[in-house]
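Trainee: Mind having a look at this structure? Questions to follow.
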Amino acid sequence: MVSGQEISVAAPPAAGLPPDARAELEQAVAILEGISLPVRLAAMVGGTVEGLKRRLPAAIQRGLDGAVTGALEVAVRTALRTDPARTPGGLPHAWFHRGVIAASGMAGGAFGLPGTLLELPVSTTLLLRQIAAIAAEQGEDLSRPAGAAECLKVFALGGRDPADDAAESGYFALRLALAETLHAVAGRGVTTLLPGFIAAVASRFGLPVAVKISAQLAPVVGAATGAAVNLAFLEHFRGLAGAHFTIRRLERVHGQAPVRRAYEAIRAR
C-alpha cells in the first residue's frame, strides 16, 4: 500500500505477444514477405523471370504442370516414409540434404533439358525431406495427413510471382486459399492427398521450377548452374519452412488471431 492505494501489476494485453515470440515472428515475416524465389533465380543467371520463362521450349511449357505435379506426387510417396531427420552415418540433416541436392542438380544440369527433367522428382523429394525435418523440429505431427500437407504447402509459399497482387499473394492469403482443400485431407492417408490439393501447390511451385529448368538448359554451363540453383532452392525453402512452422507453433501457443494481428502489423510496418 502506498498513499492509501493498492499497487497492482498490469497484465500484458490479451491480444499481444511476448517479446520473444514477437522477435521470432518478425524474422518469419521478413522471410515470407521477402523477395520471391523466381526473382532471386533470375538474378543469379542474369535475366528476368519473364525472359527465362520465354526461353523454355514450347513443348516443355505445355507439359510443365504435369511434370511438377508428378514430381510432388513422387515426393509425397517417398520422402515421408521414414524419419526425415535420419541420415546415413547420423550426419546433420541440413548438411546431408545440402550435399545430395547439389550433386543432384549438377548431374541433372550436365545433361541439359533431359537430365533436368529426370532430376526434378529427386530434388523435389530431397526438398520435402528437409522441409519435413524442420516441421518435426517445430513440433508438427508428420504421422497425420494434415501435417504432411503443411509440408507440401511450403512449396506453394515459395512460388510467389512478383507480378501477383500483394494482397492476394501474402502468406495468410495463400494459407486461406489452400485451407478448404487442406481441410478435406483430414482422415486420409499421406499417399492419398487430394489431387486438387497437390495441383494447387503445383500451380504455385511451377514458376520457380520453370526458371530453374531454363537456367540449366545449357549443358556445359548447366552442371555448375544446376548445383547452384538447387542449393538456392534448398536455402530458400528451408527458410520458408522454418518461418511457416514457427508461425504454426506460435499459433498453437498464443492463438491464431493474436499471431495474425501481430503478423499483419509487422508486415504493414
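The values are calculated or read from the model by the stated rules, or taken from the named source; none is laboratory data. Because the structure is predicted, anything quoted here is derived from the model rather than measured. Note: ideal-geometry Cβ built from the backbone for every residue, glycine included; neighbour counts use all protein chains shown.
Trainee: Against the condition at pLDDT 85 or above, in a helix (DSSP H, G or I) and in contact with a helix residue (DSSP H, G or I) (Cβ under 6 Å, 6 or more places away or on another chain), how does ALA227 come out, does it pass?
Mentor: When the stated conditions are applied, ALA227 does not pass them.
Trainee: Oh, and also: Of all residues in the range 47-81, how many are in contact with a Gly (Cβ under 7 Å, 6 or more places away or on another chain) and surrounded by fewer than 17 Cβ atoms within 10 Å (Cβ to Cβ)?
Mentor: 1
Trainee: Continuing with the same structure: Would you confirm, using the coordinates I've provided, whether VAL68 is among the β-branched types (Val, Ile, Thr) and modelled with pLDDT under 80?
Mentor: The answer is no for VAL68.
Trainee: Pick from the range 1-31 the residues that are of a type in the set (Gly, Ala, Ser) and at pLDDT 50 or above: which of them is surrounded by the fewest Cβ atoms within 10 Å (Cβ to Cβ)?
Mentor: ALA23
Trainee: Please determine whether any residue of the range 137-147 is at pLDDT 85 or above, among the hydrophobic types (A, V, I, L, M, F, W, C), more than 14 Å from the chain's Cα centre (by Cα) and over 24 Å from VAL49 (Cβ atoms).
Mentor: Yes, because at least one residue in the range 137-147 is at pLDDT 85 or above, among the hydrophobic types (A, V, I, L, M, F, W, C), more than 14 Å from the chain's Cα centre (by Cα) and over 24 Å from VAL49 (Cβ atoms).
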